[in-house]
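Presented below is the structure to which this report refers.
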Amino acid sequence: MSRLQSCFVELKKTGKKALIPYIVGGDPQKDSTVPQMHAMVAAGADVIELGVPFSDPMAEGPVIQLAHERALEHYTSLSDILAMVTEFRQKDSNTPVVLMGYLNPVEVMGYALFAERAEAAGVDAVLTVDLPPEESAGLKAELVGKGIDSIFLIAPTTTEARIKKICDSASGYIYYVSLKGVTGASHLDVTEVSEKLALIRQHSSLPLSVGFGIKDAESAKAIGAMADGVVVGSALVNAYLEGSRKPDWNAAQPPALIQSIRAALDE
C-alpha cells in the first residue's frame, strides 16, 4: 500500500479528514521550502501539495501566480523541487507529497526521467493541471511503473460522462475544484459542492479532496463535513508571504492557519 493510500485509510479509521496544504516550492524563499514542509506537518498537515513553479500558471489566481513568479525569480526549477522532496524525506518518510504543476517542465525533462527522479526523491503523486486524461497515457504509464499516482481535477462544470472518464484514469485521490474560477476565489457554495461530491462518488471509491476557496477554519470545517480532504492554498501562501516580511520570521514555525484548520476539522 502506498503512502497516500495508507494515509487516507488511517484517517478513515479514526474518523478524521485529510488536511492538505499547498505551497509553491521556492516561495517566499528558496531555502525556506523544506522547513515550511516540516512545519506544516507539525501543525497537523496529512498530505503536502508542493507547487512546481511555472511561467504561465493558468489555473491560479493572483496570489499563487505571484508565488510562482517569486519562485522563478529565485530560479527554482523542477530539479530543485525534486531536490527539496529528497531533503524533506531525510527527516520525514511518512507524509505523502504530491507535486502540483503544469506539463511543460515535465515534458522538458522527459516523462521517463521525471518519473525515475520523482520516485527516487520520494514523490507520491503528480497532479498536472493542464494535462487532460485523454492525453495523459504516456506520462501516466511512466508514473504507474514507479508506483506514483496520477491525480486529476474535476470542476463544477464537468459533465457526468466526463466525471466517469476522469475517475477511470485517476488514482490516489480525486481533486474537486469547489468553484468556478481560479485559485483564491471566494464564492464557495457548500450545497453545490455536496451535490457534486455525491455524483462523483457514484463513479469512484477514491478519496475526494476539495480545494479552491478554502481560506479559514470555518470554510474548511464546512467542506470537511462532506469531503475526505480539504486543500488550502492561497490563504496559506499569503500568510507565509506576510510572515516572511517580518524580521523575526522563522520558516520552521508551525503556521497558525494550519493549526486552526486542523482544530476545526477535528472538532
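Coordinate-derived values only; no laboratory data. Values in this document were obtained by computation on a predicted structure and should not be read as measured data. Cβ coordinates were reconstructed from backbone atoms using ideal geometry, including for glycine residues, and neighbour counts include every protein chain displayed.
Subtracting the Cα-Cα distance from 0.36 nm times the residue separation, let me have the gained length for residue 244 to residue 56 in nm, one decimal.
Full extension of this stretch gives 65.3 nm more.
For residue 13, give me every one of the lysines with a C-alpha distance below 26 angstrom, ignoring sequence neighbours fewer than eight places off in its own chain.
Filter leaves 91, 196, 221.
Compute the label zone of residue 146 within segment 42-58: residues whose backbone N is under 17 Å from the point 7 Å along Cα-to-Cβ.
Only 50-53 fall inside the zone, counting backbone N under 17 Å.
Order the peptides 220-229, 42-51, 73-82 from the highest to the lowest mean number of other Cβ atoms within 10 Å of their residues.
Details: 220-229: 21.2, 42-51: 23.0, 73-82: 17.8.
Highest mean packing first, the order is 42-51, 220-229, 73-82.
Note down the relative contact order for segment 3-266 as a percent, whole number, built from C-alpha pairs under 8 angstrom at least six residues apart.
Relative contact order here is 24 percent.
How about residue 165: which aspartates and glutamates have a C-alpha closer than 17 Å to its C-alpha, ignoring those fewer than 8 places off in the same chain?
Filter leaves 130, 134, 135, 149.
At a Förster radius of 30 Å, what calculated FRET efficiency corresponds to the Cβ-Cβ distance of residue 135 and residue 1, to the nearest 0.05?
Step by step, r from the Cβ atoms, then E = 0.55.
Could you calculate the FRET efficiency of residue 119 with residue 9 from 1/(1 + (r/R0)^6), where r is the beta carbon distance between them and R0 is 35 Å, rounded to 0.05?
Given R0 = 35 Å and the Cβ-Cβ separation, E is 0.95.
Size of the chain along its principal axes in angstrom, Cα-based, largest extent first?
For the chain, the Cα spread along each principal axis is 49, 43, 34 Å.
Using 1/(1 + (r/R0)^6) with R0 = 25 angstrom and r between the beta carbons of residue 256 and residue 92, what's the FRET efficiency to the nearest 0.05?
0.75
Using alpha-carbon pairs under 8 Å, 6+ residues apart, how would you state the relative contact order of segment 116-164 in percent?
Relative contact order of segment 116-164: 45 percent.
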